[in-house]
Amino acid sequence: MSIPTRAELNDWASNYVELWNAGDRARLAANWRKVAPGNFTMNDPVGTPQKTGFEHCALDSFDLFQPTLRFRISDGSLFICGNEVAWLMENHFEQDGVPTTLRSIETYRFEPDGSVVIRTYYDVPQQSEGQIGELFKTYLP
């Protein structure tokens, strides 16, 4: 396996958002595996214990958050530099019936062996912050 090309990473990024928002778990998994067939490690968010494995890093979060969250990469914030991707992601959800946006900075480093290292940065919603806070309570240690 070689490092994905810029075109492959750009395709992955645009498909990631589209497939997440469509709720298409199978195609989202296939999209991931095209650019990262190896091991996954993730700090989500940075400062919490590292998660490992494709299921835990890619699919568990989809299963937990996809029904509630919709993604949008902020205009002009997708950066592809060599084997790394970074973006400012808008996480849209409703909190107590009010449309809310939580922003996250997310980085992805794709290695020559097919593995990927994911690091995310965001303020974790408190449990008192409605349904999204309750979801994070089950997601974080």
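Of note:
- Anisotropy class assigned to segment 45-101 is oblate, per the alpha carbon gyration tensor with a/c at or over the 1.5 cut-off and a/b no larger than b/c.
- For segment 2-81: rounded, prolate or oblate by the Cα gyration tensor [a/c cutoff 1.5]: rounded
- Our note on the geometry: Cα centres of segment 25-43 and segment 89-121, 14 Å apart.
- Note on the chain: with neighbouring protein chains present and a 1.4 Å probe, carbon and sulfur make up 51 percent of its accessible heavy-atom surface.
- Projecting label points 7 angstrom from Cα along Cα→Cβ for residue 64 and residue 77 puts them 2.2 nm apart.
- Near the amide H of residue 103, within less than 5 Å, lie the amide hydrogens of 91, all on another chain or at least 5 residues away, with H placed in the peptide plane.
- Sequence-distant residues sharing a close amide H with residue 38 (under 5 Å, placed H): 115
- Here the Karplus curve 6.51 cos²θ - 1.76 cosθ + 1.60, taken at θ = phi - 60°, turns the phi angles of segment 110-123 into couplings of 9, 9, x, 7, x, 7, 9, 10, 10, 9, 10, 10, 6, 7 Hz, with x standing for Gly and Pro.
- Unit charges on C-beta of K, R, D, E only; dipole of the chain, Debye: 260
- Against the empirical curve 2.2 N^0.38 Å, the C-alpha radius of gyration of the chain lands at a ratio of 1.01.
- The helix-based estimate of mean residue ellipticity at 222 nm for the chain, built from -39,500 (n - 2.57) per DSSP H run of four or more residues and divided by its residue count, is -9500 deg cm²/dmol to the nearest 500.
- Average accessible area per residue (Å²) across the chain - probe 1.4 Å, nucleic acids and ligands excluded: 51
- Counted charge near residue 85, where neighbours are those whose Cβ lies closer than 10 Å (Asp, Glu -1; Lys, Arg +1): 0
- Contact order relative to length of the chain, as percent, for alpha carbon pairs under 8 angstrom and 6 or more apart: 26
The values are calculated or read from the model by the stated rules, or taken from the named source; none is laboratory data. All values reported here derive from a predicted model rather than from experimental measurement. Quick reminder, even Gly has a Cβ in these numbers, built from the backbone with ideal geometry, and neighbours come from all protein chains shown. The accessibility values were calculated without ligands, DNA or RNA, using every heavy atom of the protein model including side chains. Shrake-Rupley method; radii C 1.70, N 1.55, O 1.52, S 1.80 Å.
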